[in-house]
Amino acid sequence: MATQQVKYYEHYSRWKNKYPKMDWKPNMGDTLVGIVPQYSPKSRQYATPQNLTAQGNRNVVSNYERNNSGRPKHEYFESFQFNWVPSFADFRTGQINFANKDLTRQIAFFYDDFTRWNVVNYAPNIYIVGNNTAGESPYIPCVAGEPTAASSPKDAAFWAAMGAKVGPDRAGFLDFRNICAVRDYAETVAGIIPWGGMPGKPGENAIQRGKFMLTAESGVYNALQFDTHVLNVKPLAMNLLNSGFAGVISDNVTFLQEWQGSALRFDVDGVFPQPEIEVELADITYGTTYNYETQPNPSYTQAPYAVAVFEGDEAGQDLPVGPPPAPFNQASISTSKFNKMRWNGEVILTDDVLVNYGSGVYDSNKYAEYVQLISHVTVGYLPKTARNAIPVVYRRLLAPSLAATV
Amino acid sequence: MNKLFVLFAAAFLSLSAVFGQVTKSGTISAATTTLLLSTPASIVSLTVYDTSGAANAVVFYDNNSASSTNIVRPSYTAAGSYLTNRVSTYTASTGVSVSLTNTVLYPYTYTVAAATNEANRVFYTIVPASGIVTPDDASMPLGVSRGLTVRTVGTASYSITYVPQL
């Protein structure tokens, strides 16, 4: 089970290794606090010191510290109860294995969804591609704060309003020139510094150091090979027939693709549709059991707007969730050591369940006939420098190849 | 020659079917909003004919309203900042009261009222009297997120070919 969790968690999570992890332990309280020393502001553009014969001007440099805080949250994940007859050790083949994979997949999605939603909600500025509001620049300040179980600062009305601001047709799409524009605003207006070194993603060769990262759905990167600007200036060696656009965008913007069903998309009402849905297949049913297939939700795939995230250095920190601690990967590990190992988001098998005997009668699982997979996940996000992440709202192109960009 | 034309027409229609393209045409009344599409689409080709006999201003909007060229942007919370002086006063170890004034940007939030704005224009042209206008190839296809409406000064007719859903 642990091996499966390692494999599938890594497969479905895109945000797992993006940010430095917080060294948070149990009994440290329910609030995470971080302290970030601040450079004093650069206060002039030119300097005019005194002559040597006069008394010099004095520069008193005082710097402050700022704090930021976040609250850890938790969530339960459970499978259905599995019927298990101990005398026969009987399970439907592959039942537990698959349920473990499925639960791990959902936990990976949950972690990504939580982290990204925090990054987006704490961001104090937003970029609207092709902003059509008179007098507004595409990079505007916006409401920011902690999203809770009850509400998020950036609510449906906010997203509907942002969608209405997005430019028409291709002017609203996040093409090559707009990506460069976001980078320019990030550097010159927001003063965001590039990645100063990150653990894990996108590779082990530190390719991200000194660059910005754009995290978005695949359509944004796929569109680059049809982008008029790219086509006008691409090197002759770039083969766009047998391969797509490749490499870093405009020198210092790397691209991280969201998992296909995980990009952040919303409709004209500011509602984020669920990415996948169960389709009822009419051809085969077994008694009262319906035949379902999980497919992309049309409301999601056709949502007109999406949110990409443009990031510089360490917008935040988060709690580690998922794959086992380091000793798990060592060449040899004793069984006793392994059995004591626990990690956040671990899926475990339990028989500590109540059994429903019908007619409102519940009793303990004293015959040990039922088992269940459960996982308790604790997540946390600390907005270290929230402005270093800029949500970018743009108009989607479902098939960029059919709509060449400007 | 006629057979050749039929062959070409058949080939065109079959290709259209392959790419899921739909062709739609009709008339546009003067000074009224006409809803052409109510879902997201990619407009592959578009032709406008003037039937008023006078130069005719034609505007296509990214909108799905049958009666208006406007969209309602809902009320939302926005953020801003203003310059202010933050004065900190403390007593130093020597017993002297020290006052520091920092000029800072102070952030605040405010409510932006709902507003009715003109929907995004995706194509605007003036069709000559009894003339025809087609956007140049470089600006096609036109993408619409909400739908497609058109408003003209005089009467006109149109023909569009589109691929549904972006």
For chain A, what relative contact order do you get, as a whole percent, if you take Cα pairs closer than 8 Å and at least 6 residues apart? 27 percent
Shape of the range A:1-48, Cα gyration tensor, a/c cut at 1.5: oblate
Counting only other residues whose beta carbon sits under 12 Å from that of B:L37, what net charge do I get with K and R as +1, D and E as -1? +1
Asserting the computed 222 nm helical MRE of chain A (DSSP H runs at least 4 long, -39500 (n - 2.57) per run, divided by residue count, to nearest 500) equals -5500 deg cm²/dmol
Taking every alpha carbon pair in chain A and sorting the distances into 10 angstrom bins from 0 up to the bin holding the longest one, the percent per bin comes out as 4, 18, 26, 23, 16, 8, 3, 1, 0, 0, 0
Given all pairs of different Cα atoms, what value in angstroms does the Kirkwood hydrodynamic radius of the range A:38-195 take? 21.7 Å
Trypsin sites (Lys or Arg not before Pro) restricted to DSSP loop in the range A:355-400 with at most 13 other C-beta within 10 Å: A:K366
Highest-MSF residue in chain A out of A:V33, A:V268, A:V355 [GNM, Cα springs under 10 Å]: A:V355
Provide the net charge surrounding B:I28, with neighbours chosen by a C-beta distance below 12 Å and charges set as Lys +1, Arg +1, Asp -1, Glu -1. 0
Summing +1 for each Lys or Arg and -1 for each Asp or Glu, what net charge is found among the other residues whose Cβ lies under 12 Å from the Cβ of A:F266? +1
Relative contact order [Cα under 8 Å, 6+ residues apart], chain B, whole percent: 47 percent
Name the residue farthest towards the positive end of the dipole of chain A from the options A:A99, A:F77, A:I126, assuming +1 on Cβ of Lys and Arg, -1 on Cβ of Asp and Glu, about the Cα centre. A:I126
Just check the range B:29-141 against the gyration tensor rule for me: Cα atoms, a ≥ b ≥ c as the square roots of the eigenvalues, rounded for a/c under 1.5, and otherwise prolate or oblate depending on whether a/b exceeds b/c. prolate
Of the residues B:S97, B:S42, B:S67, which exhibits the maximal mean-square fluctuation in a Gaussian network model of chain B defined by a 10 Å Cα contact cut-off? B:S97
Can you tell which of A:F212, A:F110, A:F80 shows the greatest fluctuation in a Gaussian network model of chain A with Cα springs below 10 Å? A:F80
Taking the mean number of other Cβ atoms within 10 Å as a proxy for protection, how do you rank A:36-48, B:79-91 from highest to lowest? B:79-91, A:36-48
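Bear in mind these aren't lab numbers, they're just calculated from the coordinates by the rules spelled out. A quick note: this is a predicted structure, and the numbers were derived from the prediction, not measured. All Cβ positions, glycine included, derive from the backbone under ideal geometry; neighbour counts span all protein chains shown.
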